[in-house]
Amino acid sequence: MATEANDWTWLDPQRRIAQPELALMCRLDVAEIDELVEYGALVPLAGEDSEARQFAASCVAPLREAVGLRGTYDLDLFTVSLLFGYLQRIAHLEQQLRSLQAHLPHPGHLPREGPTPWREPHA
């Protein structure tokens with residue numbers, strides 16, 4: 001499968017994406033993006049009208065996954081909004097877990113638990 005520019009440019013979480021671009025990237029209509037905003041699943045960063053709305057690029061991956069599950073299981077848009085919220089929460093918790101694991105000492109440096117290994121006494 002060929003990788004398009006849209007498939008890698010949204011990886012920067014600091015990037016902002018306009019509503020029409022988000023709709024294109026996630027294979028949704030602009031009206032469906034509006035509906036997700038009404039449900040509270042998507043929160044725009046800027047703009048009142050639908051053409052000026054911008055969203056954080058971090059929402060692209062979970063939204064694409066939710067839309068993919070929508071096609072697989074024939075889900076309505078409200079269920080997609082719930083699923084999207086849960087997928088965002090899972091991604092956030094996984095990021096927290098990776099951050100906490102990075103602060104733990106490496107398993108090779110952990111103190112040994114349990115009995116010490118048996119050694120032959122030297123005479």
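The values are calculated or read from the model by the stated rules, or taken from the named source; none is laboratory data. Predicted, not measured: the structure shown is a model, and the values here were computed from it. Note that we place each Cβ from the backbone using ideal geometry, even for glycine, and neighbour counts take in every protein chain shown.
Answer yes or no as to whether A102 is among the aliphatic types (A, V, I, L, M), at pLDDT below 90 and not in a helix (DSSP H, G or I). So A102 fails the test. A search for C-beta distances below 9 Å between a residue of the stretch 83-101 that is in contact (Cβ under 8 Å) with a residue 40 or more places away in the chain and closer than 19 Å to A41 by Cβ and any residue that is acidic (D, E) and part of a helix (DSSP H, G or I), counting only pairs 6+ apart in sequence or on different chains, returns F84/E65. Of all residues in the stretch 44-70, those satisfying the criterion of being basic (K, R) and more than 15 Å from A31 (Cα to Cα) are R64, R70. Can you find a residue that is in a helix (DSSP H, G or I), over 21 Å from C26 (Cβ atoms) and out of contact with any helix residue (DSSP H, G or I) (no Cβ under 7 Å at 6 or more places or on another chain) anywhere in the stretch 71-94? Yes, there is a match, as at least one residue in the stretch 71-94 is in a helix (DSSP H, G or I), over 21 Å from C26 (Cβ atoms) and out of contact with any helix residue (DSSP H, G or I) (no Cβ under 7 Å at 6 or more places or on another chain). Taking the condition outside any loop (DSSP other than H, G, I, E, B), touching a helix residue (DSSP H, G or I) at 6+ places or on another chain (Cβ under 7 Å) and not basic (K, R), does V37 pass? It is false that V37 is outside any loop (DSSP other than H, G, I, E, B), touching a helix residue (DSSP H, G or I) at 6+ places or on another chain (Cβ under 7 Å) and not basic (K, R).
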